């Protein structure tokens with residue numbers, strides 16, 4: 001892997017991190033969630049830091065971030081797709097992601113996932129894998145995900161940029177066309193088999209539940225960061241997807257819940273968020 005960071009300087013190795021990048025629609029979040037749950041890992045999801053990263057970029061005076069803040073959501077949507085890609089801060093958010101992960105506890109293993117993870121930002125010695133799709137399959141998946149709205153052309157362009165960089169670097173990838181989620185999970189687990197065997201992974205039910213709560217609170221923080229922006233406000237009506245916090249390592253269930261309801265639930269003596277029929 002190349003050195004990380006936009007300056008090209010050497011990076012401190014990040015032991016204990018499984019880096020999972022890929023194109024939008026390839027299933028990175030789903031795969032990372034299942035593996036984190038199954039093995040007792042800490043799941044770092046770059047999407048939950050979207051607005052925190054954009055605030056950091058604005059404070060640093062990044063022109064694309066300042067432009068993003070100057071436009072309303074409706075105005076942003078009318079800008080050319082290349083300009084919207086710049087405002088997504090793909091390049092700037094990569095080093096921020098590495099910084100975030102460096103600040104996490106060293107145990108258990110971290111699975112860090114996001115489109116911002118590119119070959120040139122993975123720290124030296126880091127183990128990284130990318131999930132990619134053919135352009136045709138990406139459009140089909142995005143169409144299903146965003147229906148009845150049209151396919152976001154920003155995601156299509158971002159996918160092409162990521163695929164090109166992964167191919168140019170000769171980085172390891174899994175082309176997920178035609179594969180089921182279970183097959184992709186198996187391929188990713190196989191790639192990281194030595195890391196998973198070495199660990200460390202969560203050693204107790206209490207630690208596993210704490211990791212699930214960590215992932216769910218990160219999702220809450222994403223909404224809180226968005227609500228703090230001038231054009232938004234309260235997230236009281238927002239609904240999101242949370243991990244079931246039961247003690248079953250094989251559980252893949254999620255819970256659709258209002259973000260405000262999750263906060264209320266989690267404040268009651270750390271009551272777990274559970275799928276119907278599941279127990280803590």
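Every residue, every condition in (1) exposed (fewer than 15 other Cβ atoms within 10 Å of the Cβ); (2) in contact with a helix residue (DSSP H, G or I) (Cβ under 6 Å, 6 or more places away or on another chain); (3) part of a helix (DSSP H, G or I), yes or no:
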position: 189; (1), (2), (3): no, no, yes
position: 209; (1), (2), (3): no, no, yes
position: 223; (1), (2), (3): no, yes, yes
position: 240; (1), (2), (3): no, yes, no
position: 264; (1), (2), (3): yes, no, yes
- Item | Sole exception among (1) under 21 Å from the mean Cα position of the chain (by Cα); (2) surrounded by 13 or more Cβ atoms within 10 Å (Cβ to Cβ) for residue 172, by number | (2)
- Item | Subset of the range 92-139 [within 17 Å of residue 24 (Cα to Cα) and assigned to a loop (DSSP other than H, G, I, E, B)] | 114, 115, 116, 117, 118, 119, 133, 134
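Pick from 105, 119, 123: which is in contact with a helix residue (DSSP H, G or I) (Cβ under 7 Å, 6 or more places away or on another chain) and modelled with pLDDT under 95?
Details: 105 fails: in contact with a helix residue (DSSP H, G or I) (Cβ under 7 Å, 6 or more places away or on another chain); 119 fails: modelled with pLDDT under 95.
The conditions single out 123.
Considering each of 197, 187, 163 in turn, give the residue that is free of Cβ contacts under 8 Å to residues at least 40 places away in the same chain, in the same structural domain as residue 41 (by TED's automatic domain parsing) and touching a strand residue (DSSP E or B) at 6+ places or on another chain (Cβ under 6 Å).
Residue meeting the stated conditions: 187.
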- Out of 156, 151, sole residue that is outside any helix (DSSP H, G or I), farther than 24 Å from residue 16 by Cα and touching a helix residue (DSSP H, G or I) at 6+ places or on another chain (Cβ under 7 Å): 151
- Query: Hey, residue 75 hits all of (1) crowded, with 16+ Cβ neighbours inside 10 Å; (2) part of a helix (DSSP H, G or I) but one; which does it fall short on?
  - Reply: (1)
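Of the residues 140, 129, only one is over 15 Å from residue 49 (Cβ atoms) and out of contact with any strand residue (DSSP E or B) (no Cβ under 9 Å at 6 or more places or on another chain); which? Don't jump to the end; show me each part of the working.
Values: 129 fails: out of contact with any strand residue (DSSP E or B) (no Cβ under 9 Å at 6 or more places or on another chain).
The match here is 140.
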- Message: If residue 273 meets every condition in (1) buried (at least 17 other Cβ atoms within 10 Å of the Cβ); (2) in contact with a strand residue (DSSP E or B) (Cβ under 8 Å, 6 or more places away or on another chain); (3) assigned to a helix (DSSP H, G or I) apart from one, which number is that one?
- Response: (3)
- Query: Is there a residue being closer than 22 Å to residue 208 by Cα, in contact (Cβ under 8 Å) with a residue 24 or more places away in the chain, in contact with a strand residue (DSSP E or B) (Cβ under 7 Å, 6 or more places away or on another chain) and surrounded by 19 or more Cβ atoms within 10 Å (Cβ to Cβ) anywhere in the range 48-62?
  - Reply: no
- Exactly one condition in (1) more than 22 Å from the chain's Cα centre (by Cα); (2) in the same structural domain as residue 157 (by TED's automatic domain parsing); (3) modelled with pLDDT under 95 is not met by residue 79; state its number. (3)
- Item | Whichever residue in the range 103-120 is within 30 Å of residue 66 (Cα to Cα) and out of contact with any strand residue (DSSP E or B) (no Cβ under 9 Å at 6 or more places or on another chain) and, among such residues, is surrounded by the fewest Cβ atoms within 10 Å (Cβ to Cβ) | 103
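The values are calculated or read from the model by the stated rules, or taken from the named source; none is laboratory data. From a predicted model like this one, the values you see are computed outputs, not experimental measurements. Here Cβ is always computed from backbone atoms with ideal geometry, including for glycine, and neighbour counts include all displayed protein chains.
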